[in-house]
1. How many residues does region 220-250 hold that are more than 7 Å from the ligand (Cβ to nearest atom) and out of contact with any helix residue (DSSP H, G or I) (no Cβ under 9 Å at 6 or more places or on another chain)?
2. Please go through region 266-289 and give me each residue that is open to solvent by less than 80 Å² (accessible area, probe 1.4 Å), in a strand (DSSP E or B) and within 12 Å of Val225 (Cα to Cα), ordered by number.
3. Does Asn259 fit the bill of being open to solvent by less than 80 Å² (accessible area, probe 1.4 Å), in contact with a strand residue (DSSP E or B) (Cβ under 8 Å, 6 or more places away or on another chain) and in a helix (DSSP H, G or I)?
4. Out of the residues in region 290-307 that are part of a strand (DSSP E or B) and among the aliphatic types (A, V, I, L, M), which is nearest to Phe345 (Cα to Cα)?
5. If you go through region 117-166, how many residues are part of a strand (DSSP E or B), β-branched (Val, Ile, Thr) and open to solvent by 20 Å² or more (accessible area, probe 1.4 Å)?
6. Counting only residues that are surrounded by fewer than 24 Cβ atoms within 10 Å (Cβ to Cβ) and in contact (Cβ under 8 Å) with a residue 40 or more places away in the chain, how many does region 206-224 have?
7. From the set of residues in region 195-207 that are touching a helix residue (DSSP H, G or I) at 6+ places or on another chain (Cβ under 8 Å) and modelled with pLDDT under 95, which is farthest from the ligand (Cβ to nearest atom)?
8. Is it true that His339 is out of contact with any Leu (no Cβ under 7 Å at 6 or more places or on another chain), of a type outside the set (Gly, Ala, Ser) and either part of a loop (DSSP other than H, G, I, E, B) or without any contact (Cβ under 8 Å) to a residue 24 or more places away in the chain (or both)?
Amino acid sequence: MQTRPVVAVNTRAVARLRAGHPWIYRSDVVSAEGIGPGSLVEVKNERGRFLGVAFYSTASEIALRLLSSEKIDNVAELVCQRVRAAVEYRRKLVRDTDAYRVVFSEADELPGLIVDRYNDVLVLEALTQATDDRELKQAVVAELAEQFAPAGIVERAEPRIRQLEQLPALKDGLVYGEKTETVFTMNGVRFHHRALAGQKTGAFLDQRENYAAAAACAHGEALDVFCYQGGFALHMARVCPHVTGIESSRPALEQAEQNAALNPGLPEIEWIEANAFDLLKDYAAAGRKYDTIVLDPPAFARSRRALQTALRGYKELNLRALKMLRLGGILVTCSCSYHVREEEFVEMLAAASCDAHKSVRILEKRGQSKDHPIVLTIPETCYLKCVIAVVSH
Ligand code: SAH
């Protein structure tokens, strides 16, 4: 067994680990002198008792991410074993799609690693100093190649995350095979994927099951606000004669239009490039009415401190949408801000319905798709809220 550097942690950290949470904050680290970025370390309490093996970051406030509560001989082997377990989990649970998240970081006991599958192209992202290690990434790529025999694996890098982790800038690029573009199908709807373009790893895979749920209730004239590449809009177009998508990013809209063309037989969808806040205000003032409205804004609260401002933003949007919904109209309203908890989101919606003088019933309270598992002891793994409601009078 290799000897590894030791990080001592205080009793608060011990209690956190015992409660099933893999993170230890820097303020709970007692000593970590001279330990290099991304090291694999042994975690011990102040009396020297072994608690587990963790990834260390010299930059993040999350100093340690626990990998195992037992000693590890070969880290690459353990990581590959966890990748196989993650793949197996999706094979059992994920249906009606060839695009889904294969590895979801802490939720798959692989802290700092994301892998998404888009048909025959995989996208990998390392979020921490430890998972950015070249050998570790090579081992993961080899395991993924064996599991999926993909035509390409692309590594993507989010500059903001790399900066926070004090990692050097990295250009997105192929790390295996040749292919960086493909077509994937979820719930029978086809989408283009360009692994070297777009937001996140290409699509918002966490909404996949919500697309189907929204389409099951959608009817009449539908509006998809913050539509990105048309996830909700394209699903709704299968059941709604009129669909409009609103989005501020032109490249996203161009791809939405190309996605629509991949699905023959759908009614024409109107794509509007606009600031959703301004457009909803104008539409509401003009007395426009809809039968179905989807609201899927970007995260408004990036920290708990931003909560009140975020809730005001959500309320403004939801109020406008509720005012524009006809009797029997469906609201599909989402929040991907972890810091806005479900209860707070539902309270905001209640206040918006009061102000809109509408009586609203909740049909479904939903979350992220099953390929983004929620681990009970790690609240941060549960972030997406999607409420489907009907205007009853
Ligand atoms: N519903 C989409 C995901 C939406 S993500 C899907 O399922 O794929 C949020 C989107 O809102 C992003 O595409 C972002 O470009 C867009 N956006 C951010 N601010 C906006 C604004 N003020 N008006 C319109 N769109 C905005």
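The values are calculated or read from the model by the stated rules, or taken from the named source; none is laboratory data. Note that the coordinates shown come from a computational prediction; the quantities given were computed from them, not determined experimentally. When we count neighbours, we look across all protein chains shown, and the Cβ atoms used for this are built from the backbone with ideal geometry, even at glycine. All accessible areas refer to the heavy atoms of the entire protein, side chains included, with ligands and DNA or RNA removed. Shrake-Rupley method; radii C 1.70, N 1.55, O 1.52, S 1.80 Å.
1. Adding up the residues that qualify gives 5.
2. Result: Trp271, Ile272.
3. So Asn259 fits the description; yes.
4. Checked region 290-307; the qualifying residue nearest to Phe345 (Cα to Cα) is Leu295.
5. Number of matching residues: 0.
6. 8
7. Among those residues, the one meeting the criterion is Ala197.
8. The answer is no for His339.
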